[in-house]
Amino acid sequence: KTLPVPRELELIRTLGDMAMPLYQGEDFEKFRGGVSQIDGPGERAKLIARLDARVALAYELSYEDYQTVLGAFPLIDDAQKNRCLNAYKEWSFEL
């Protein structure tokens, strides 16, 4: 009942724009609207980490809370969790 749900249209659009390169294949070419897809797994992992971190900030999670949330997902490898936490730090300085 107390979790703040982000409702800022600008933020939602920004996240949508950031996610566009993740849509792969010819089926999504028209949907991407000229945005090139990211094919390399390393680049995809970095972008996913930046998106996840930005969403964590939108939900007003503290760094410690975000660590706890990431720790609840055992299928996410430690390297990706570290990318997410580093991206969180970067975003928190930018915002």
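The values are calculated or read from the model by the stated rules, or taken from the named source; none is laboratory data. Given the structure is predicted, the values throughout are model-derived calculations rather than measurements. Because the Cβ atoms are built from the backbone with ideal geometry, glycine has one as well, and the counts that use them run over all protein chains shown. Calculation scope for accessible area: heavy atoms of the full protein, side chains included, ligands and nucleic acids excluded. Shrake-Rupley method; radii C 1.70, N 1.55, O 1.52, S 1.80 Å.
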Contacts under 9 angstrom Cβ, first residue in the stretch 20-34 being open to solvent by less than 70 Å² (accessible area, probe 1.4 Å), partner β-branched (Val, Ile, Thr), 6 or more apart: 20/35; 21/35; 21/38; 22/38; 22/48
For residues in the stretch 48-76 being charged (D, E, K, R) and open to solvent by 90 Å² or more (accessible area, probe 1.4 Å), which is farthest from residue 37 (Cα to Cα)? 64
Quick one: in the stretch 77-94, which of the residues that are open to solvent by 70 Å² or more (accessible area, probe 1.4 Å) and among the basic types (Lys, Arg) is nearest to residue 46 (Cα to Cα)? 83
Kindly indicate the residue of the stretch 35-47 that is within 14 Å of the chain's Cα centre (by Cα) and open to solvent by 80 Å² or more (accessible area, probe 1.4 Å) and also farthest from residue 82 (Cα to Cα) among those meeting that condition. 43
